[in-house]
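*Asks:* Input: one structure, supplied below.
The values are calculated or read from the model by the stated rules, or taken from the named source; none is laboratory data. Keep in mind that what you see is a predicted model, and the values were worked out from it rather than measured. Backbone-built Cβ (ideal geometry, glycine too); neighbour counts: all protein chains shown. Ligands, DNA and RNA are excluded from the accessible area calculation, which covers all protein heavy atoms including side chains. Shrake-Rupley method; radii C 1.70, N 1.55, O 1.52, S 1.80 Å.
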Amino acid sequence: MWLKNSLFAPQASITPVARPSPGPRALWPPLDFTLGALACCGACVFTNPLEVVKTRLQLQGELRARGSYQRHYRGVLQALWVVGSTDGLRGLQKGLTAALLYQGLMNGVRLGFYSYTEAVGLTDAPGGSLISGAAAGALGAFIASPAYLVKTHLQAQTVAVIAVGHQHNHQGVLSAFMSIYRREGVTGLWRGVNGAVPRVMVGSASQLATFSSAKDWVTRAQWFDPHSCLTALTAAMISGVAVTITMTPFDVISTRLYNQPVDEFKRGRLYCGFVDCLMKVCATEGIMGLYKGMTPVFVRLAPHTVLSMLIWDVLRQRALLYRH
């Protein structure tokens, strides 16, 4: 017993070395912006064909009762086949340049702003993750709104035989920006932003809050190594489901507001704003009109969320390890 106590006694007398508290760690904001933009642009390349299909399905039968219009698109796989066989493989990547510009701007700002609020501890307050996610989404959506406007116009464009919604007939991304600016001025580039901001606020709040909470839960459960990409992958899958359920009605309204034609007074011909669009869709197409294209929304958002959140998390972890 004496020997045992003498062996361990010196250890008890050693003054423990103070370790730095883990605390929130932040990256240089421009680097965080770049990592968020790269992550979401990488995901966008793979999911853009589903975005094209989703846009067509959401515009199909606009403000018409169910059964009173011809359905060119009847589901995700059939729609992909119709677009590919009619417009060719390039048709499946319509609006890709504008989509990459949108993803880079919107998610660079959104994820960069959210990681900053996380680093300074704002997300630790009750409801902090939801509020920070919503604020980050609103900021990103406003800044990137012109890119989303052009993306929607280009993805809706197709040959007359399978056309749905208003056809703007732009010649390309730059041509679309110039055409909208000449016709409607600077404010015309932000037409539809009143639908985009609530859309991204809801989607961003549910995505980031769910991703953060799920990641913490998986880490505490010790299913995987804390630094394993499987932790981020599991959290991203849970987040993808939450985003799809909450975001689809806002996504439909946003698509309609962005794609509608304008009159000589630069006002929308179909909808006056978010609430007007919501009421008209429910009155003419029923409540399920707000869930048009939900399957491609899920098929597109789930992998997009998984890929973007996973790539973003891995890139940030690597950058933080390199920094420290």
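*Asks:* Taking a point 7 angstrom from the Cα of CYS229 along the C-beta vector, which residues in the stretch 285-321 have backbone N less than 17 Å away?
*Replies:* The answer is 303-321.
*Asks:* Something else: Would you rank VAL243, VAL159 by solvent-accessible area, highest first, keeping every protein chain in place and using a 1.4 Å probe?
*Replies:* Ranked from most to least accessible, the order is VAL159, VAL243.
*Asks:* Could I ask something else about it? Write down the accessible area per residue of the chain in Å², having rolled a 1.4 Å probe over the full set of protein chains.
*Replies:* 50 Å²
*Asks:* Roughly what would the spin-label model give for ALA119 and VAL159, points 7 Å off Cα along C-beta, in nm?
*Replies:* With each label point 7 Å from Cα toward Cβ, the separation is 5.1 nm.
*Asks:* Turning to a different aspect of this structure: Note down the nm distance, to one decimal, between modelled labels 7 Å out along Cα→Cβ at ARG182 and at GLN222.
*Replies:* Placing both labels 7 Å along Cα→Cβ, they lie 6.7 nm apart.
*Asks:* Give me the count of lysine pairs in the chain whose alpha carbons sit under 13 angstrom apart, restricted to pairs 8 or more positions apart or on different chains.
*Replies:* So the count works out to 4.
*Asks:* Now, a different point. Quick one: Cα centre-to-centre distance for the stretch 259-319 and the stretch 120-178, in angstrom?
*Replies:* What the calculation gives is 8 Å, centre to centre.
*Asks:* For the stretch 182-220 and the stretch 27-84, write down the distance between their C-alpha centroids in whole Å.
*Replies:* The distance from the Cα centre of the stretch 182-220 to that of the stretch 27-84 comes to 15 Å.
*Asks:* Counting each DSSP H run of 4 or more residues in the chain as -39500 (n - 2.57), what helix-only mean residue ellipticity at 222 nm follows after dividing by all residues, to the nearest 500 deg cm²/dmol?
*Replies:* Result for the chain, helices only: -24500 deg cm²/dmol.
*Asks:* Here's another thing I want to ask about it. Counting other Cβ atoms within 10 Å, keep those with at most 14, restrict to DSSP loop, and tell me which chymotrypsin sites (Phe, Trp or Tyr not before Pro) in the stretch 54-109 are left.
*Replies:* Working: sites: TYR69, TYR73, TRP81, TYR102; in loops: TYR69, TYR73.
Within the stretch 54-109, the qualifying chymotrypsin sites (Phe, Trp or Tyr not before Pro) (loop, at most 14 other Cβ atoms within 10 Å) are TYR69.
*Asks:* Next question, about the same structure. Please give the helix 76-87 orientation as an angle from the longest Cα principal axis of the chain, in degrees from 0 to 90, rounded to the nearest 10.
*Replies:* 60 degrees
*Asks:* Here's another thing I want to ask about it. Just want to confirm a number: the relative contact order over the chain, from Cα pairs under 8 angstrom separated by 6+ residues, in percent. All intermediate terms of the calculation are to be shown ahead of the outcome.
*Replies:* Working: 474 pairs, mean separation 77.9, N = 324.
Taking the mean separation of contacting Cα pairs over the length of the chain, I get 24 percent.
*Asks:* Compute the long axis of helix 173-188 from its Cα atoms, compare it with the longest principal axis of the Cα atoms of the chain, and write down the angle in degrees, 0 to 90, nearest 10.
*Replies:* For helix 173-188, the angle is close to 80 degrees.
*Asks:* Where the accessible area of the stretch 29-141 is counted over protein heavy atoms with a 1.4 Å probe, how much of it, in %, is carbon and sulfur? Could you put the intermediate results ahead of the total?
*Replies:* On the way: 3270 of 4880 Å².
Carbon and sulfur together cover 67 percent of it.
*Asks:* What FRET efficiency comes out for the pair LEU77/MET279, r = Cβ-Cβ distance, R0 = 35 Å, nearest 0.05?
*Replies:* 0.60
*Asks:* Let me ask you something else. What residues from the stretch 261-302 fall in the zone where the backbone N is under 15 Å from a label point 7 Å along the Cα-to-C-beta line of SER68?
*Replies:* 280-287, 289
*Asks:* Please give, to one decimal in nm, the separation of the simple spin-label points placed at SER85 and VAL314, each 7 Å out from Cα toward the Cβ.
*Replies:* Between SER85 and VAL314, the simple spin-label model gives 3.6 nm.
*Asks:* Could you run the Karplus curve 6.51 cos²θ - 1.76 cosθ + 1.60 with θ = phi - 60° over the stretch 129-145 and give me ³J(HN,Hα) per residue in whole Hz, x for Gly and Pro?
*Replies:* Residue by residue, the stretch 129-145 yields 5, 5, 5, 5, x, 5, 5, 4, x, 4, 5, x, 5, 5, 5, 9, 4 Hz.
*Asks:* Treating only the Cβ of Lys, Arg, Asp and Glu as charged (+1, +1, -1, -1), what charge dipole size does the chain show about its Cα centre? Round to the nearest 20 debye.
*Replies:* 360 debye
*Asks:* Expressed in nm to one decimal, what extension gain is obtained for the pair PHE265 and VAL241 from 0.36 nm per residue of sequence separation less their Cα-Cα distance?
*Replies:* On the way: separation 24, 0.36 × 24 = 8.64 nm, distance 4.08 nm.
Here the segment from PHE265 to VAL241 would lengthen by 4.6 nm.
*Asks:* Of VAL200, THR34, GLY67, which is farthest towards the positive pole of the chain's charge dipole, taken about the Cα centre with +1 and -1 on the beta-carbons of Lys, Arg and Asp, Glu respectively?
*Replies:* GLY67
*Asks:* At q = 0.09 Å⁻¹, what log₁₀ I(q)/I(0) does a Debye calculation on the Cα points of the chain give, no solvent, two decimals?
*Replies:* Cα-only, vacuum Debye calculation for the chain: -0.50.
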